[in-house]
1. Just a yes or no: is a residue in region 22-29 touching a helix residue (DSSP H, G or I) at 6+ places or on another chain (Cβ under 6 Å), on the phi < 0 side of the Ramachandran plot and surrounded by fewer than 16 Cβ atoms within 10 Å (Cβ to Cβ)?
2. State yes or no: is residue 13 without any contact (Cβ under 8 Å) to a residue 24 or more places away in the chain and surrounded by fewer than 17 Cβ atoms within 10 Å (Cβ to Cβ)?
3. From 121, 96, 166, 66, grab the single residue that is over 14 Å from the mean Cα position of the chain (by Cα), modelled with pLDDT of 95 or more, surrounded by fewer than 17 Cβ atoms within 10 Å (Cβ to Cβ) and under 21 Å from residue 5 (Cβ atoms).
4. Where the second residue is at pLDDT 95 or above and surrounded by 15 or more Cβ atoms within 10 Å (Cβ to Cβ) and the first is at positive phi and assigned to a loop (DSSP other than H, G, I, E, B) and lies in region 90-114, which pairs have Cβ atoms under 6 Å and are six or more apart or on separate chains?
5. Show the residue pairs that are 6+ apart or on different chains and have beta-carbon atoms under 6 Å apart, the first residue being within region 52-74 and on the phi > 0 side of the Ramachandran plot and touching a residue at least 12 places away in the same chain (Cβ under 8 Å), the second being in a loop (DSSP other than H, G, I, E, B) and surrounded by 15 or more Cβ atoms within 10 Å (Cβ to Cβ).
6. How about region 1-10: which of its residues are assigned to a strand (DSSP E or B) and either within 19 Å of residue 70 (Cβ to Cβ) or free of Cβ contacts under 8 Å to residues at least 12 places away in the same chain (or both)?
7. Within region 152-163, track down each residue that is within 15 Å of residue 128 (Cβ to Cβ), touching a residue at least 12 places away in the same chain (Cβ under 8 Å) and over 13 Å from the mean Cα position of the chain (by Cα).
């Protein structure tokens with residue numbers, strides 16, 4: 001199923017789309033309108049299907065977009081939302097990385113790729129690869145991972161990372 005809603009935050013409209021069955025399979029969001037959100041949802045669907053997760057995009061109202069919005073507003077801790085994630089199609093290593101990041105790096109904090117790698121006992125490159133495949137942005141706060149010298153990149157746009165970090169008081 002697919003649940004889509006738009007909200008206003010920091011004088012911007014944010015579109016949030018959540019692909020779900022019993023739990024959340026993927027999250028997409030857009031600061032550039034509904035059409036761009038639909039492109040991001042399609043990309044999430046393709047990624048899930050590559051991982052053998054069957055996806056049905058039948059529209060169905062749910063509380064999931066509101067949950068994401070409340071996390072953005074700081075009203076719900078990211079760690080509280082972990083129970084809503086299906087982790088279908090996610091490798092055991094990715095799940096360990098996502099859970100560690102979500103539990104250890106709180107709102108208003110950042111960590112380097114190397115710092116998270118030390119926590120998980122892996123390499124910074126492995127962390128970067130896991131983040132690039134993160135189907136749960138915002139709940140699993142990959143925007144909080146930065147380079148030693150720079151913010152680093154972010155899918156779909158670096159401006160989105162800057163927006164999320166500004167929203168959390170980092171920038």
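1. Among the residues of region 22-29, at least one is touching a helix residue (DSSP H, G or I) at 6+ places or on another chain (Cβ under 6 Å), on the phi < 0 side of the Ramachandran plot and surrounded by fewer than 16 Cβ atoms within 10 Å (Cβ to Cβ), which makes the answer yes.
2. Details: without any contact (Cβ under 8 Å) to a residue 24 or more places away in the chain: yes; surrounded by fewer than 17 Cβ atoms within 10 Å (Cβ to Cβ): yes.
So residue 13 passes the test.
3. Exactly one residue qualifies, and that residue is 66.
4. Close Cβ pairs (under 6 Å, with a partner that is at pLDDT 95 or above and surrounded by 15 or more Cβ atoms within 10 Å (Cβ to Cβ)) amount to 108/168.
5. 74/107
6. Step one: filter region 1-10 for residues assigned to a strand (DSSP E or B), giving 2-9.
3, 4, 5, 6, 7, 8, 9 - these are the residues of region 1-10 that are assigned to a strand (DSSP E or B) and either within 19 Å of residue 70 (Cβ to Cβ) or free of Cβ contacts under 8 Å to residues at least 12 places away in the same chain (or both).
7. 152
The values are calculated or read from the model by the stated rules, or taken from the named source; none is laboratory data. Every value quoted in this text rests on a predicted model; they were computed, and no experiment measured them. Note that each Cβ is placed from the backbone with ideal geometry, even for glycine, and that neighbours are counted across all protein chains shown.
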